[in-house]
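The values are calculated or read from the model by the stated rules, or taken from the named source; none is laboratory data. Just so it is clear, the model here is predicted, and its values are computed rather than measured. Cβ placement follows ideal geometry from the backbone for every residue including glycine, while neighbour counts extend to all protein chains displayed. Surface areas here come from the heavy atoms of the whole protein model, side chains and all, with no ligands, DNA or RNA. Shrake-Rupley method; radii C 1.70, N 1.55, O 1.52, S 1.80 Å.
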Amino acid sequence: MFKIGKHLEGLGWSVLAIFALLIIQAYSDLALPQYMSDIIDVGIARRGVPDASAAEIAAAVAAGVDFSQTQMSYVLGKGGVMIAFSVVIMLAAAMVGFLSARTGASIGLQLRDKVFRRILSFSNAEMGSFTIASLITRSTNDIQQVQMVAIMMLRMIFYAPILGIGGVIKVAGTQTGMGWIVGVAVGIIFMIVTILIVVAMPRFKMIPLLIDRMNLISREILTGVSVVRAFGREKHEEERFDTASQDLRNLQLFVGRVMAIMMPLMMMIMNLITLVIVWVGASGIDMGSLMVGDLMAFIAYTMQIVMSFLMLTMVSVMLPRAIISAKRIDEILTKEPSIHDPIANEADILTPQGIISFHNVSFRYPDADEDALKDISFTAKPGETTAIIGGTGSGKSTLMELIPRFHDVRTGEVTIDNVDIRTMTQSNLRSIIGYVPQKSVLFSGSVAANIKFAGDHISDEKMNEAAKIAQADRFIMEMEAQYENEIAQGGSNVSGGQRQRLAIARALAKGAKVLLFDDSFSALDYRTDLALRHALAEEIKDVTIIIVAQRINTIRHANQIIVLDDGAIAAIGTHEELLDTCEVYQELARLELGEEVANE
């Protein structure tokens, strides 16, 4: 729990205020039994004259003195003080509840903000080390666990020791000779708590992992529901989800049983302690060595000591799971991104031209045995289209992801306008680039909000122009609300081709100097593909365009085509040149265009 404390700010004054209020509350709680004891003893034994000796009281009674008024005044005075202490306890408890709830909410807010910001700073390598389901669980359920236990700790961890230590001091001051009862009770409670923690701790560690697993399975099934239905695997997926859900349920039932057993045990111990104290104390009262008030005060102080241990027990049962959640949160907050902005000598391209160059670039994924890209060198110029083609797994998308620094090169360098992109801040670099990923991603909101995703600087005119070039304007205008039509989460209410065109329009509307299309035309029919490429050639000037494609027809008119084979460049040239000189390209052309076209 304390690991994540270093990530929190501005909570010191709240904690100090809670601590001060708890001291006041504990002092008032500890004072009440003593006043109650005085009232009982005066009322029973001393007939309302607390400072008089027994002989003086006997002489006064024999002389006919009436002590009723004195007794009533004494009881009212002591009772008034008890009422005042009760009001102080009530007010302090209310303020502690308010401040602890506010502090807990602040802890949750800060952790969610910091976790989300840190996740956004992760490169693809860090994102790959955590599953999406796990990141969601850590950002929601784990933070909620920490927040809830933090509130309990603020209200109990501070209060219980103060109350327990104060109770021990008061018990020692009663001089009843029954302190051993408290020691035995505390020992039994400590033993029970230790056993519960030892038994429950391994299960607590498993709960977040099972939640991750259930979230992962849920996400997979819901995302791929059409595939599940197409293959008739609904029953199999239901069983897979049921297994994960039942595993989580069984573990949570175990934890619930631990909590359910703890409370009756503690209440039984408290009641047994009370019986033992009354049994032993009754003998002392009978022999005249113990006052009834002292016995009642001893019982009250003993209950306060036991209650303090009971509060610590409640927290100790919940604390292991919160500690595990805190560790999982801390893993995110302390995970250093592999891609950093330059600390000094930051490069700044004031008027970017968009010349992209690879200089002997090699790249290897984390924990991989071989390079995914090997000694890549080429230059993509403004006003030209550079296409990248190759077989599956040849490194096309990997090469594309190096340009916006989703990964960093292992050797060599990637430059924009002869400036190494590692000397630029990520925000400055990506402001120059418009990127369309292989899998088109749309966000919930209107069509206009998706196209204007790059910022508020995009005008309606620019949006309409981008949609027209991307061949999206026609189907947008056919929608009921046109540009204000709502896009469902993930773009589920538009087709794959429409998603791609909206994603292309989003990149075009940004007005970037470099456009990266990572197999972004794959869902388009040939007519739309042709119209889009023609519009790009006509409307987009002085922009560097790099296209990854699976179809030769999409890139045959590119100024240069880079053929990748097993992570290395097999050849660079135009369509005609590659048909004459590159066997890999010839094979691709033969498979797509047929023997006659490939041999032209």
For the stretch 157-167: of the residues being in contact (Cβ under 8 Å) with a residue 40 or more places away in the chain and open to solvent by 40 Å² or more (accessible area, probe 1.4 Å), which is farthest from the chain's Cα centre (by Cα)? I162
Looking for whichever is open to solvent by 10 Å² or more (accessible area, probe 1.4 Å), in contact (Cβ under 8 Å) with a residue 60 or more places away in the chain and more than 23 Å from S431 (Cα to Cα) here; the options are D566, D542, D473. Which one fits? D566
Of the residues that make up the stretch 299-309, is at least one in contact (Cβ under 8 Å) with a residue 24 or more places away in the chain, more than 26 Å from G167 (Cα to Cα) and open to solvent by 60 Å² or more (accessible area, probe 1.4 Å)? no
Taking the options F358, F309, name whichever one is among the hydrophobic types (A, V, I, L, M, F, W, C), farther than 30 Å from R138 by Cα and not in a strand (DSSP E or B). F309
Would you check if there is a residue in the stretch 84-106 being within 30 Å of D341 (Cα to Cα) and under 18 Å from the mean Cα position of the chain (by Cα)? yes
Unmet requirement for F358, which otherwise passes all of (1) open to solvent by 10 Å² or more (accessible area, probe 1.4 Å); (2) of a type in the set (F, W, Y); (3) closer than 30 Å to E413 by Cβ: (1)
How many residues, within the stretch 168-187, are closer than 19 Å to M311 by Cβ, of a type in the set (A, V, I, L, M, F, W, C) and open to solvent by less than 70 Å² (accessible area, probe 1.4 Å)? 4
Under 8 Å between Cβ atoms, which residue pairs at least 6 apart in sequence (or on different chains) link something in the stretch 108-124 that is touching a residue at least 40 places away in the same chain (Cβ under 8 Å) with a partner that is polar (S, T, N, Q)? L111/Q147; V115/S139; I119/S139; S123/S338
Could you tell me which numbered condition I572 fails, if it satisfies all but one of (1) in contact with a strand residue (DSSP E or B) (Cβ under 9 Å, 6 or more places away or on another chain); (2) modelled with pLDDT of 85 or more; (3) crowded, with 20+ Cβ neighbours inside 10 Å; (4) at negative phi? (3)
All but one of (1) modelled with pLDDT of 80 or more; (2) open to solvent by less than 60 Å² (accessible area, probe 1.4 Å); (3) farther than 22 Å from G173 by Cβ hold for I57; which doesn't? (1)
Taking the residues in the stretch 454-469 that are in a helix (DSSP H, G or I) and open to solvent by 70 Å² or more (accessible area, probe 1.4 Å) as candidates, determine which candidate is farthest from S431 (Cα to Cα). K468
For the stretch 520-536, which positions are in contact (Cβ under 8 Å) with a residue 24 or more places away in the chain and of a type outside the set (D, E, K, R)? S520, F521, S522, A523, L524, Y526, T528, A531, L532, A535, L536
Enumeration of residues in the stretch 383-414 that are of a type in the set (V, I, T) and either touching a His at 6+ places or on another chain (Cβ under 7 Å) or open to solvent by 10 Å² or more (accessible area, probe 1.4 Å) (or both): T385, T392, T398, V409, T411
Might you check whether a residue that is within 30 Å of M214 (Cα to Cα) and touching a Lys or Arg at 6+ places or on another chain (Cβ under 7 Å) occurs anywhere in the stretch 239-248? yes
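For the stretch 108-206, which fully contained helices (runs of 4 or more DSSP H) count at least 2 residues that are β-branched (V, I, T)?
In the stretch 108-206, 132-137, 143-152, 159-174 are the helices (runs of 4 or more DSSP H) which contain 2 or more residues that are β-branched (V, I, T).
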